[in-house]
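Throughout, read-outs are computed from the coordinates displayed, never taken from laboratory work. Bear in mind the structure is a predicted one, so any value in this text is a computation, not a measurement. Using ideal geometry, Cβ is built from the backbone for each residue, glycine included, and neighbour counts are taken over all protein chains shown.
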Amino acid sequence: MRSDSPIGIFDSGIGGLTIANAISHLMPQESLIYYGDTAHLPYGDKSPDAIRYYTLVISKFLRDQGCKAVVIACNSASAVAYDVLSEFFSDDMIIINAVDPLVSEIIDTASKHVGIIGTRATIDSGTYQHKLSKRSSDLKVSALATPLLAPMIEDHFHKRKVSSQIIASYLNELPLDELDALALACTHYPLIEEQIADILQGRAIRTIDSATPAAEHLHLELEYQGLLASSDTPQSQFFLSDTTRGFQQSAEMFFGKSIEIEHMDLWTSRAK
Ligand code: DGL
C-alpha cells in the first residue's frame, strides 16, 4: 500500500457521494475512485447473498485499480457484506464500513432512545441493533425500514413537495415523543436531512448520519498506517455500472465542478 494510491468508494448510486464529499473536504489531497452500482440499485431490497456478490466484484475492481483503502459507502452493504469483504481484501487494502462509525456517533449522541431508519437490508440484518446493544445495554433502539426513500432520492424525486408526506408518514411510525436522536442509517438520507428537520421541528431530536463519522474514521486509519496522501494534484474518477440521469447532476453538485463518468459494467466485463 502506498500513500499516493487512490481511495475507492462505492455505493449502489448517489448515496455514497455524501461520504465521498466528506472525505474530499477532510482530506482534499486524496485521489478518489467512486463506483456506483446503479445497475443493481436499490441494494436495500436485495438479499444479503446478492449484495455480497455485487460488492465482492466491486472491491476486486477497486483493488485492481491499486486502491489503498475501500470505503463501503452504503449501509446496506456495510451491514451484510463487511465481514466477507474484510476477509477477502483486508491484506491488500484498508476496509472501512459505514455502520461502525455511525454506531460510535449514536453512542456519543443519544442518551436514552435512538430511532434508526434505513433500507430493509440494513434494518432486517439487525446489525445496528446488535452492535448498539453490545456497546450500551441501557440505550433503547427503535429501528424502522423506510424502503421508498433511497429510490425516491436516487430519482431526485425528493425535491418534490409530495416527498415530505412520504417521509413524514414513515417518521410518524417511530415513537417520536420518546426519541432524543434519529440515526440516518442510509447514505442517501443526508440528502433529505432538511425535510426531516422540518418534520421534527419543535422536538429535541438530533439527526446524525454516517458521512462525517466515516470520513473521520478513514482519516484516523490512514494516519495510523502512515498512508495519508500529500498530492497537490489529486484526481477523481467516477464509474457507474449503468448510466442514470441523476448521477452526473448530483456528483457535479457535490464536487462543484464538471465530472466525467465512465460506464463500467463489471458483470459482463464490458467497458463502454
Ligand atoms: N445508500 C445505500 C445505503 O446506505 C443503499 C440504498 C439502496 O440502494 O437501497 O443503504
Subject >> segment 236-257 residues near the modelled H263 label - backbone nitrogen below 13 Å, point 7 Å along Cα→Cβ >> reply: 240-245
**OP:** Would you mind computing the Rg to Rh ratio of segment 65-130 from its alpha-carbon coordinates, Kirkwood style for Rh?
**Re:** 1.03
Original post:
What residue among R206, R63, R52 has the largest mean-square fluctuation in a Gaussian network model of the chain, using Cα springs under 10 Å?
Top reply: R206
**OP:** Could you compute the FRET efficiency for N172 and L26, with r as their C-beta to C-beta distance and R0 at 41 Å, rounded to 0.05?
**Re:** 0.70
Original post:
How large is the dipole of segment 85-227 about the Cα centre if only Lys and Arg carry +1 and Asp and Glu carry -1, each at its Cβ, rounded to the nearest 20 debye?
Top reply: 580 debye
**OP:** Report, in debye and to the nearest 20, how large the dipole of segment 179-237 comes out about its Cα centre when Lys and Arg carry +1 and Asp and Glu carry -1 on their Cβ.
**Re:** 160 debye
**OP:** Return the aspartates and glutamates within reach of K131: Cα separation strictly under 15 angstrom, same-chain partners fewer than 8 residues apart disregarded; answer none if there are no such residues.
**Re:** D83, D100, E105, D108
Original post:
Can you put D11, D180, D138, D83 in order, fewest other beta carbons within 10 Å first?
Top reply: D138, D83, D180, D11
Original post:
How big is segment 47-94 by the Kirkwood estimate over distinct Cα pairs, in Å?
Top reply: 10.6 Å
**OP:** List, largest first, the extents of the alpha carbons of the chain along their principal axes, each in whole Å.
**Re:** 49, 39, 37
**OP:** For every helix of n ≥ 4 consecutive DSSP H residues, a contribution of -39,500 (n - 2.57) applies; sum these over the chain, divide by its total residues, and give [θ] at 222 nm rounded to the nearest 500 deg cm²/dmol.
**Re:** -13000 deg cm²/dmol
**OP:** Mind checking which of S136, S76, I95 is farthest towards the positive end of segment 1-138's charge dipole, using Cβ charges of +1 (Lys, Arg) and -1 (Asp, Glu) about the Cα centre?
**Re:** S136
Original post:
Could you give the angle, 0 to 90 degrees to the nearest 10, between helix 162-171's Cα long axis and the longest principal axis of the Cα atoms of the chain?
Top reply: 70 degrees
**OP:** Take every DSSP beta bridge whose two residues both sit in segment 21-176, then give the antiparallel share in percent to the nearest 5.
**Re:** 0 percent
Original post:
With axes computed from alpha carbons, what is the tilt in degrees of helix 75-89 against the longest principal axis of the chain, rounded to the nearest 10 within 0 to 90?
Top reply: 40 degrees
Original post:
Out of K60, K140, K161, any idea which swings most in a Gaussian network model of the chain, alpha carbons joined below 10 Å?
Top reply: K161
**OP:** For the chain, give the magnitude of the charge dipole about the Cα centre (Cβ charges: +1 Lys/Arg, -1 Asp/Glu; no others), in debye to the nearest 20.
**Re:** 400 debye
Subject >> Principal-axis tilt of helix 99-109 within the chain, Cα atoms, nearest 10 degrees >> reply: 40 degrees
Subject >> Ranked list, fewest to most other Cβ atoms within 10 Å of each Cβ, for V57, V114 >> reply: V57, V114
**OP:** Run through every distinct alpha carbon pair of segment 1-116 and return the Kirkwood hydrodynamic radius in angstroms, one decimal place.
**Re:** 14.6 Å
Subject >> DSSP beta bridges in the chain [antiparallel fraction, %, rounded to 5] >> reply: 5 percent
Original post:
How would you rank L228, L218, going from fewest to most other Cβ atoms within 10 Å of each one's own Cβ?
Top reply: L228, L218
Original post:
Which Cα, out of S5, A20, I123, lies furthest along the positive dipole direction of the chain (beta carbon charges, K/R +1, D/E -1)?
Top reply: I123
Subject >> Dimensionless Rg ratio for segment 54-183, taking C-alpha atoms and the 2.2 N^0.38 Å reference >> reply: 1.18
**OP:** First check a/c for segment 11-75, with a ≥ b ≥ c the square roots of the eigenvalues of its C-alpha gyration tensor; if it is under 1.5, answer rounded, and if not, answer prolate when a/b is larger than b/c or oblate otherwise.
**Re:** oblate
**OP:** Take the Cα atoms of segment 152-230, build their convex hull, and give its volume per residue in Å³.
**Re:** 126 Å³
Subject >> For E30, net neighbour charge (Lys/Arg +1, Asp/Glu -1) across residues whose Cβ lies under 11 Å away >> reply: 0
Original post:
Computed over the Cα atoms of segment 117-272, what is the convex hull's projected area averaged over all directions, in nm²?
Top reply: 12.8 nm²
